[in-house]
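The values are calculated or read from the model by the stated rules, or taken from the named source; none is laboratory data. Only a predicted model underlies this, so the values are computations on that prediction, with no experimental measurement involved. Ideal geometry is used to build each Cβ from the backbone, glycine not excepted, and the neighbour counts take in all protein chains shown. Surface areas here come from the heavy atoms of the whole protein model, side chains and all, with no ligands, DNA or RNA. Shrake-Rupley method; radii C 1.70, N 1.55, O 1.52, S 1.80 Å.
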Amino acid sequence: MTIDRRTLLQGTAGIAAGAALGGLLGGRPAFAQGAAPSFKPEEGASLRLLRWVPFVKAEGETWNALTKDFTDKTGVKVQIDEESWEDVRPKAAVAASIGSGPDMVMSWFDDPFQYPDKLVDVTDLGTYLGNKDGGWYEGLLGYAKQGDKFIDLPLCVIGNAICYRKSHMEKAGFKEFPNDKAGFLELMQAMQKQGTPAGFAHGHAVGDANNWAHWLLWSEGAKMVDENGKVVLDSPETKNAVEWAKKAYKTFIPGTESWNDINNNRAFLAGQVSLTANGVSLYYAAIKDPALKDIAEDIGTVNFPVGPVGRPMELAQTTTLSIFKHTKYPNAAKAYLMHMYQADNMNKWITAASAYCCQALKAFADNPVWTSNPIHKPYANASASLTPNGYSGPLGPASAKVMADYVLVDMFASAVTGQRSTEDAIANAARQAKRAYRS
């Protein structure tokens, strides 16, 4: 196995899984009663998986250990290629286009809908796992199915929550974190005045910028498209969202318009910002470093405040597993996925991720990791509460293109930085979205 590691969080080494393969090789599976799909790896099979670089070292190590266990049991070698979060999407798209490269990909959001005809049908696996393990969460199922067919398997949701310095919030005059949008803005303004500002990504950050931009939009009751896929972005609610974002941006540390998914972590841990949004990896990066002990003990986490829409509206970063049709070894690839989704293996991986990866199947919601630390609480229901990025229309090539082209992210960035007026930023984004939904 060849792995290019670049991680933030130092963790414990992953452990090899001990569950029997059972149905992978045609026998009766040890992890469930009843018939399971049977996938006998092709003779001489070997596989390559393209995945995103782990932010939690123990998550990546455990994934690798479970992969080694699969190889030990089947003889199928699996090479894991780790790429930056921003690079997975274009590299997967190129592989799909030219019909060569990795056999499988761990991708973001609805990226598989950009090339569904290039993917192996995994309905047999998706149906079996859903029936066996309590069902897939509804929001995640939307990322997996095109009509009645599974084009990928949902893997997890990387929960996103507000991370803040408790002492800095209290110094700004707030005993508790505000639960509404108006109070949230007041808090950011107060923290900026005292020199402990906020910072949220407005750059091309796959996770952080998309999570922030979609919350900004949806919390006001605005949306990109309606239920029929008609672009309805140009609305009074969107204008309200942009105007609020401009006020918030004035309280930020300079430069957030160029942030990717690593910058807010670095700024928070360096003491440059005291309020941002991130996965739980931020907390664990702090507690692992003795020099950051004071920051670690001062971190609080909470879900995003509710806006005028009157209910929580959060995107949450999803990731799925797909198999490319150009693979020479589709049975081996399906056997590998079956192995990774075995209950013992999946629970080990979720545990190792330390609340960073929220399960895709409901049976794993009782994993003890979710109640092991109060810091984990805002992340525990990410899979159940997420709103898909194509809201409120259907997921498909159009929603995937709008996401991949950062249409919504760039709308807010161009407005808050003054590159465009509010009206021009919205109109430009609406034009881009209309082109995507017409194609």
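Its Cα centre serving as origin, the chain has a Cβ charge dipole (Lys and Arg +1, Asp and Glu -1) of approximately 120 debye. For LYS73 and THR417, the FRET efficiency from 1/(1 + (r/R0)^6), where r spans their Cβ atoms and R0 equals 45 Å, is about 0.25.
Where the accessible area of region 301-439 is counted over protein heavy atoms with a 1.4 Å probe, how much of it, in %, is carbon and sulfur?
After summing per-atom areas, the C and S share lands at 49 percent.
Pair-distance distribution P(r) for region 175-226, from all Cα-Cα distances in 10 Å bins starting at 0: 21, 43, 32, 4, 0 percent. Report D for region 111-201 in µm² per second (integer): Stokes-Einstein, Kirkwood Rh on Cα pairs, 10 °C, 1.306 mPa s. Rounded to a whole number, D works out at 95 µm²/s.
So if R0 is 41 Å, what FRET efficiency would LYS328 and SER167 give, r being the distance between their Cβ atoms, rounded to the nearest 0.05? Mind showing how you got there, number by number?
Values: r = 57 Å, r/R0 = 1.40.
Taking R0 as 41 Å, the efficiency between LYS328 and SER167 is 0.10.
Relative to the longest principal axis of the Cα atoms of the chain, the long axis of helix 236-249 makes an angle of roughly 80 degrees.
The candidates TYR284, TYR336, TYR391, arranged from most to least accessible area with a 1.4 Å probe in the full protein assembly, appear as TYR391, TYR284, TYR336. Over the chain, all Cα pairs binned in 20 Å intervals from 0 give whole-percent P(r) values of 26, 57, 17, 0, listed from short to long.
Using only Cα coordinates, the Kirkwood hydrodynamic radius of region 294-439 works out to 18.9 Å.
Measuring only protein heavy atoms, the 1.4 Å probe finds HIS168 accessible over about 40 Å². The solvent-accessible area of ILE158, taken with every protein chain present and a 1.4 Å probe, is close to 10 Å². Of the residues ALA248, GLN194, TRP259, the one whose Cα sits farthest toward the positive end of the charge dipole of region 181-286, with +1 on the Cβ of Lys and Arg and -1 on the Cβ of Asp and Glu, is GLN194.
With every protein chain kept in the model, how would you rank ARG165, ARG431, ARG438, ARG266 by accessible area, 1.4 Å probe, largest at the top?
Ranking ARG165, ARG431, ARG438, ARG266 by accessible area, largest first, yields ARG438, ARG266, ARG431, ARG165.
Its residue count N fixes a reference of 2.2 N^0.38 Å for region 201-329, and the Cα radius of gyration divided by that reference is 1.27.
In this structure region 346-439 gives 40 Å² per residue of accessible area when probed at 1.4 Å with all protein chains present. Compared with the dominant principal axis of the Cα atoms in the chain, helix 57-74 is inclined by about 10°.
When the chain is treated as a GNM with alpha-carbon contacts under 10 Å, the residue of SER322, SER97, SER383 showing the greatest mean-square fluctuation is SER97. Computed over region 95-162, the percent of Cα pairs more than 15 Å apart is 54.
For the set LYS223/LYS334; LYS40/LYS145; LYS288/LYS334; LYS171/LYS293; LYS348/LYS401, the pairs lying more than 31 angstrom apart at their alpha carbons are LYS223/LYS334; LYS288/LYS334; LYS348/LYS401.
Trypsin sites (Lys or Arg not before Pro) within region 187-249: which are DSSP loop residues with at most 12 other Cβ atoms inside 10 Å?
LYS230
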